[in-house]
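Novice: After the structure tokens below, expect a handful of questions from me.
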Amino acid sequence: MLYEELLHEAFELEVEVYEKPLKGRIKGLYGDKIIQINKYLPTSIEKGCVLAEELGHHHTSSGDIIDQSKLLNRKQEKRARNWAYKRLIPLSKIIEASKIGIRNRYELAFFLGVTESFLEETLDRYKEEYGLFKATEGCVVYFEPLAVLEKFHY
């Protein structure tokens with residue numbers, strides 16, 4: 001399971017992870033090599049998506065960025081999310097899923113071990129970064145509609 005894999009990754013990085021009740025709609029927090037995951041998140045799949053983002057903060061953020069009214073804090077938040085998107089849903093995994101016959105977003109999210117909303121956010125980010133498609137690994141990954149086409153070589 002992805003959540004357990006990410007817990008192991010955190011352990012290897014000497015980042016402590018705790019599940020505890022968090023106030024409001026907060027799903028996770030990171031600070032000083034400690035990650036807190038809201039223990040009331042309904043599934044380990046959602047916890048894995050949140051843990052990936054918090055690990056993204058470990059790799060990309062510094063300081064207290066809770067106040068999202070500050071531009072620098074929003075940029076750090078976006079960097080952490082981007083790290084999580086690429087960690088959990090690299091383009092190579094989308095290509096792999098296509099090659100084994102996965103044809104819709106629900107099946108893709110299940111295959112990747114992520115929530116459908118995390119998948120949608122990732123695809124939106126990829127559209128923002130690459131445009132409507134990205135050529136890679138001998139394929140073209142289209143983000144809208146989601147599709148993978150293999151390039152033909154003559």
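The values are calculated or read from the model by the stated rules, or taken from the named source; none is laboratory data. What you are looking at is a predicted structure, and each value in this text was computed from that prediction instead of being measured. Neighbour counts run over all protein chains shown; Cβ positions are idealised from the backbone, glycine included.
Novice: Of the conditions (1) assigned by TED's automatic domain parsing to the domain that holds Glu12; (2) modelled with pLDDT of 90 or more; (3) in contact with a helix residue (DSSP H, G or I) (Cβ under 6 Å, 6 or more places away or on another chain); (4) not β-branched (Val, Ile, Thr), Ser61 clears all except one; give me its number.
Specialist: Against the list (1) assigned by TED's automatic domain parsing to the domain that holds Glu12; (2) modelled with pLDDT of 90 or more; (3) in contact with a helix residue (DSSP H, G or I) (Cβ under 6 Å, 6 or more places away or on another chain); (4) not β-branched (Val, Ile, Thr), Ser61 comes up short only on (2).
Novice: Do we find a residue being touching a residue at least 24 places away in the same chain (Cβ under 8 Å), touching a Gly at 6+ places or on another chain (Cβ under 9 Å), assigned to a helix (DSSP H, G or I) and surrounded by fewer than 19 Cβ atoms within 10 Å (Cβ to Cβ) anywhere in the stretch 63-83?
Specialist: Checked against the condition, which is being touching a residue at least 24 places away in the same chain (Cβ under 8 Å), touching a Gly at 6+ places or on another chain (Cβ under 9 Å), assigned to a helix (DSSP H, G or I) and surrounded by fewer than 19 Cβ atoms within 10 Å (Cβ to Cβ), the stretch 63-83 yields at least one hit.
Novice: Answer with yes or no whether Leu108 is crowded, with 19+ Cβ neighbours inside 10 Å, aliphatic (A, V, I, L, M) and assigned by TED's automatic domain parsing to the domain that holds Lys20.
Specialist: no
Novice: Within the stretch 97-147, track down each residue that is under 23 Å from Trp83 (Cβ atoms), β-branched (Val, Ile, Thr) and not in a loop (DSSP other than H, G, I, E, B).
Specialist: Of everything in the stretch 97-147, those that are under 23 Å from Trp83 (Cβ atoms), β-branched (Val, Ile, Thr) and not in a loop (DSSP other than H, G, I, E, B) turn out to be Thr122, Thr136, Val141.
Novice: On to the next question. List every residue pair whose Cβ atoms lie under 6 Å apart, where the two residues are 6 or more positions apart in sequence or sit on different chains, the first residue falls within the stretch 113-136 and is at positive phi, and the second residue, located anywhere, is surrounded by 13 or more Cβ atoms within 10 Å (Cβ to Cβ) and at pLDDT below 95.
Specialist: From the stretch 113-136, the pairs are Gly113/Leu2.
Novice: Conditions first: (1) modelled with pLDDT of 95 or more; (2) in a helix (DSSP H, G or I); (3) surrounded by 18 or more Cβ atoms within 10 Å (Cβ to Cβ). Glu5 passes all but one, so which condition is the exception?
Specialist: Among (1) modelled with pLDDT of 95 or more; (2) in a helix (DSSP H, G or I); (3) surrounded by 18 or more Cβ atoms within 10 Å (Cβ to Cβ), Glu5 violates only (3).
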